[in-house]
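The values are calculated or read from the model by the stated rules, or taken from the named source; none is laboratory data. It should be emphasised that the depicted structure is a prediction, and the values quoted were computed from it without experimental measurement. Neighbour counts are summed over all protein chains in view; Cβ atoms, including those assigned to glycine, are modelled from backbone coordinates with ideal geometry. Surface areas here come from the heavy atoms of the whole protein model, side chains and all, with no ligands, DNA or RNA. Shrake-Rupley method; radii C 1.70, N 1.55, O 1.52, S 1.80 Å.
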Amino acid sequence: MPDNTLFGDEHVRQYEKTGGKVGHDWNGTHCLILHTTGRKSGQIRKFPLIYGRDGDDYVIVASKGGAPEDPGWYRNLVANPDAKIQVWDQVIPVRAHTGTAQDKKRVWPTMTAEWRDYDKYQAATKRDIPVVLLSPR
């Protein structure tokens, strides 16, 4: 049965409180907590996101469920690519960059293995859904 109790701020709270014991493994996939700096507010914003790995990099997908616009967290990373992620109980400084078409071709199968609905999301929107590579600093 899917876990419909962990979303948004509650997911972040439980993940941080338990060092990822609650929230890292979620509905058959893996989540991290992304810490971005708000592009307008300058405040730290936290988002639970599905992730995969590509070598040393962590990979996230700016799908927003196939919405026509990019998610706010992605726009924050474009404006300020220095961020942090929490994976389990480790907080890791990272630098984000949007993957190239070649990067996307390489990592998309990894990400759809994590969350098969990414293909549906891409089919539902005219925008090319970005993949973001998070490189530890």
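Taken over the alpha carbons of the chain as equal point scatterers, the Debye sum produces base-10 log I(q)/I(0) values at 0.20 Å⁻¹ of -1.31.
Carbon and sulfur: what percent of the chain's accessible surface (1.4 Å probe)? Present the calculation step by step, with values, prior to reporting the outcome.
On the way: 3850 of 7560 Å².
Reported share for carbon and sulfur atoms: 51 percent.
The residues of the chain present an accessible area of 55 Å² per residue when probed at 1.4 Å with all protein chains retained.
Assuming 0.36 nm per residue, please report the length gained on full extension of the stretch D128 to R45 beyond their Cα-Cα distance. Provide the component values of the computation, followed by the final result.
Details: separation 83, 0.36 × 83 = 29.88 nm, distance 2.43 nm.
Between D128 and R45, full extension yields an extra 27.4 nm.
If we count every other residue with Cβ under 13 angstrom of R39's Cβ, Lys/Arg +1 and Asp/Glu -1, where does the sum land? Net of charged neighbours comes to +1. Peptides 52-59, 5-12 ordered by packing proxy, namely the average of other Cβ atoms within 10 Å per residue, highest first: 52-59, 5-12.
So what is the 222 nm mean residue ellipticity for the chain from helices alone, if each DSSP H run of at least 4 adds -39500 (n - 2.57) and you divide by all residues, rounding to the nearest 500 deg cm²/dmol? Each step should come with its number before you reach the end.
Working: 4 runs with 41 residues, N = 137.
-9000 deg cm²/dmol, from helical runs alone.
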